[in-house]
1. Using 0.36 nm per residue, how much length does the chain from residue 62 to residue 134 gain when fully extended, once their Cα-Cα distance is taken away?
2. Please tell me the relative contact order of region 61-174 in percent, rounded to the nearest whole number, where contacts are Cα pairs under 8 Å and at least six residues apart.
3. Rounded to the nearest 0.05, what FRET efficiency is calculated for residue 74 and residue 143 with R0 set to 30 Å and r the Cβ-Cβ distance?
Ligand code: HEM
């Protein structure tokens, strides 16, 4: 898939945020024998530097658990059964893998279509982004890769945030 195709499918992703070349280290995910995986070669994609599919999958699982546990935003995900939730996570894994230059197919709909009508505020978005940041820290993703991941996430923000106000009536305790 070309960068252009990915860009179209994702909505607003800048080409620079996709498959960016660098030589820095990857997430620390030891294998069953406790061995660190081989360091990615010079010019490795962000996908490779993050540690590939298994590392991305583990990040999305950890991040998704945080979304469900957070009372500030988990009302958005209420009513999803196990199968829907598993599909939601798989869609996010594919999105992150593809947007970072990995051999994955995007299986989600455009961000604007999916989030349209949910009335997501900037505050909601910041809470979700904050959970992703904590997850990336937990997995010891280096600063440069973290910034590149956030360039991707940030490029989706205009398609996701519908309200600039931080508070809605749902935020008020009844
Ligand atoms: C931070 C960047 C975000 C990314 C990369 C992202 C990604 C996704 C993806 C891939 C899907 C599945 C799309 C599909 O079913 O085709 C999805 C669905 C959804 N997202 Fe997001 N999302 C983000 C932010 C948010 C925020 C801030 C909220 C609310 C707090 C949110 C709430 C939802 C909900 C409720 C769904 C399910 C919608 C439905 O199936 O009707 N997302 N998101």
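Every number in this text was worked out from the coordinates using simple rules, so none of it is lab data. What you are looking at is a predicted structure, and each value in this text was computed from that prediction instead of being measured. No Cβ is skipped: glycine too gets one built from the backbone with ideal geometry, and neighbour counts run over all protein chains shown.
1. 25.0 nm
2. So the answer I get is 32 percent.
3. About 0.55, to the nearest 0.05.
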